[in-house]
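K.L.:
Can you read through this structure? Questions will come right after.
Only the coordinates and a few stated rules stand behind these numbers; no lab work does. Since the model is a prediction, treat every value here as computed from it, not as a measurement. Virtual Cβ from ideal backbone geometry, glycine too; neighbours counted across all protein chains shown.
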Amino acid sequence: MNQPNRRDVIPLANSPSICAWASVAGKKEGDGPMGFCFDQIEPDSHFGKDTWEQAESELQRRTVSLLLEHGHLKQEQLDALLAGDLINQCTSSSFGIRHLNVPFLGIYGACSTMAEGLLLASMLVDGGHMEYCAAVTSSHFSDAERQFRFPLSYGGQRTPNAQWTATASGAVLISHQQKPPYIRHVCVGKINDLGISDANNMGAAMAPAAADTIQRFLMETNTRPDDYDVILTGDLGVVGSKLLLELTEQNGYHLHHVHRDCGVMMFDNTTQDTHAGGSGCGCSASILCGYFLPRLASGELQNLLFIATGALLSPMLCQQGETIPGIAHLVHLSAKPNEKE
């Protein structure tokens with residue numbers, strides 16, 4: 001485990017608020033156990049478009065439109081939008097929101113992108129640089145399969161430890177409005193690489209990064225897992241979640257009773273044939289926005305650690321024998337703001 005330093009955990013003195021959120025998901029996600037919590041479910045996987053890439057751009061466009069509607073905000077009031085996805089050059093994001101004509105920051109953290117965007121947007125607002133800042137991300141099963149593995153028409157066999165990229169999107173609006181959920185701390189992830197080279201085993205590649213970030217945060221803040229209602233990982237899936245619990249237990253942190261994983265939650269693996277669970281930027285983003293943020297806003301949950309995880313793989317480099325680095329960023333969300341000194 002990497003040792004913490006004084007810059008590992010950044011407390012946000014002004015505790016910016018997530019004042020609005022939105023989520024949109026595809027049919028398979030809507031048919032799963034979390035289908036009840038999404039704002040919209042689209043039965044057409046093409047989203048009315050001609051290609052899978054255009055479909056994901058439309059998915060993200062709809063999510064941002066919903067976000068602005070929920071936040072009662074006009075697009076010209078938005079100071080900046082941070083967005084990313086899994087497709088080369090983040091084109092799903094840039095093409096999906098190009099109509100807005102707002103300041104844009106394209107970001108890439110693979111499946112950790114939602115936590116990265118939330119982290120950066122909250123710091124911009126907390127520092128007084130912006131009044132309204134949004135973060136959005138998305139993923140689509142079909143265009144992700146084409147980029148990272150094989151086109152669907154190839155009919156490739158999926159391995160038991162493979163995960164199913166969620167067709168989903170989530171977006172949040174950050175401001176200084178004094179209402180929960182509040183963002184109290186952020187912790188930037190460090191790249192971890194323990195030599196996993198199987199592109200179908202992303203959970204194993206990401207688990208060490210998740211363990212490292214969680215443990216650094218707990219050490220730096222002098223807190224224990226019991227201090228949080230939920231420690232929520234992005235999309236480690238069944239395999240990666242098991243590894244995370246083993247890795248943290250080796251260092252004396254027992255997460256079993258508070259850990260939940262969006263990749264495990266998204267699908268019913270026994271009836272939906274998703275093997276090790278869900279993955280993709282939109283997996284953690286949509287479940288955070290659809291399920292957990294409303295419970296923080298109502299006070300049902302008081303403290304939550306959101307750790308979105310990403311496998312920073314390149315198909316070409318994997319073919320060249322390279323391994324898969326992992327990353328995990330953490331955001332501490334709470335029903336209460338930081339206490340002023």
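K.L.:
For region 1-77, compute Rg over Rh where Rg is the Cα radius of gyration and Rh is the Kirkwood radius from the inverse mean 1/r over Cα pairs. Numbers along the way, then the final one.
P.N.:
Working: Rg = 17.7 Å, Rh = 15.4 Å.
When Rh is taken as the Kirkwood radius, the ratio is 1.15.
K.L.:
Taking 7 Å along the Cα-to-C-beta vector as the label spot, tell me the residue 223-residue 300 distance in nanometres, rounded to one decimal.
P.N.:
Roughly 2.1 nm, to one decimal.
K.L.:
Run down the lysines and flag those whose C-alpha is under 16 Å from the C-alpha of residue 336, throwing out any fewer than 8 positions away in its chain.
P.N.:
Once the sequence-local lysines are set aside, what remains near residue 336 is 179.
K.L.:
Take the chain, compute every pairwise Cα distance, and split them into 10 Å bins from 0; I just need the percent in each bin.
P.N.:
P(r) for the chain, in whole percents per bin: 6, 29, 37, 22, 5, 0, 0.
K.L.:
Same structure, new question: Treating cross-link reach as a plain straight distance, find the aspartates and glutamates whose alpha-carbon is under 14 Å from the alpha-carbon of residue 49, omitting any fewer than eight places away in the same chain.
P.N.:
Excluding near neighbours in sequence, the set is 58, 143.
K.L.:
Rank 312, 236, 245 by mean-square fluctuation in a GNM of the chain with C-alpha springs under 10 angstrom and give only the top-ranked residue.
P.N.:
245
K.L.:
With a 10 Å cut-off between alpha carbons and a GNM built on the chain, which of 139, 197, 112 moves the most?
P.N.:
Highest fluctuation among the options: 197.
K.L.:
Name the residue, out of 215, 320, 40, whose mean-square fluctuation peaks in a Gaussian network model built on the chain with Cα pairs under 10 Å.
P.N.:
Top of the fluctuation ranking is 320.
K.L.:
Please turn the phi angles of region 210-227 into ³J(HN,Hα) values with the Karplus equation 6.51 cos²θ - 1.76 cosθ + 1.60 (θ = phi - 60°), one per residue in order, whole Hz, x for glycine and proline.
P.N.:
4, 4, 5, 5, 4, 5, 5, 5, 5, 5, 5, 8, 6, 10, 10, x, 5, 6
K.L.:
Given just the C-alpha atoms of region 87-151, how large is their convex hull per residue in cubic angstrom?
P.N.:
Here the figure is 81 Å³ per residue.
K.L.:
To continue, here is another question. What does the charge count near residue 173 come to, summing +1 for each Lys or Arg and -1 for each Asp or Glu among other residues with Cβ under 14 Å from its Cβ?
P.N.:
Neighbourhood net charge equals -2.
K.L.:
Another question, then. What's the magnitude of the charge dipole for region 54-137 around its Cα centre, counting Lys and Arg as +1 and Asp and Glu as -1 at the beta-carbon? Answer in Debye, nearest 20.
P.N.:
For this selection, approximately 180 debye.
K.L.:
Projected onto the charge dipole of the chain (+1 at Lys/Arg Cβ, -1 at Asp/Glu Cβ, origin at the Cα centre), which of 172, 55, 94 gives the Cα projection farthest towards the positive end?
P.N.:
Value computed over the given set: 172.
K.L.:
With +1 on each Lys and Arg Cβ and -1 on each Asp and Glu Cβ, and nothing else charged, work out how big the dipole of region 1-109 is about its Cα centre, in Debye to the nearest 20.
P.N.:
Rounded to the nearest 20 debye, it is 360 debye.
K.L.:
Quick one: dipole size for the chain, taken about the Cα centre, charges +1 on Lys/Arg Cβ and -1 on Asp/Glu Cβ, in debye to the nearest 20.
P.N.:
Values: 22 positive and 36 negative charges, 62 e Å.
Its charge dipole is roughly 300 debye.
K.L.:
Would you calculate a helix-derived [θ] at 222 nm for the chain, using -39,500 (n - 2.57) for each DSSP H run of n ≥ 4 and dividing by the full residue count, to the nearest 500?
P.N.:
-9500 deg cm²/dmol
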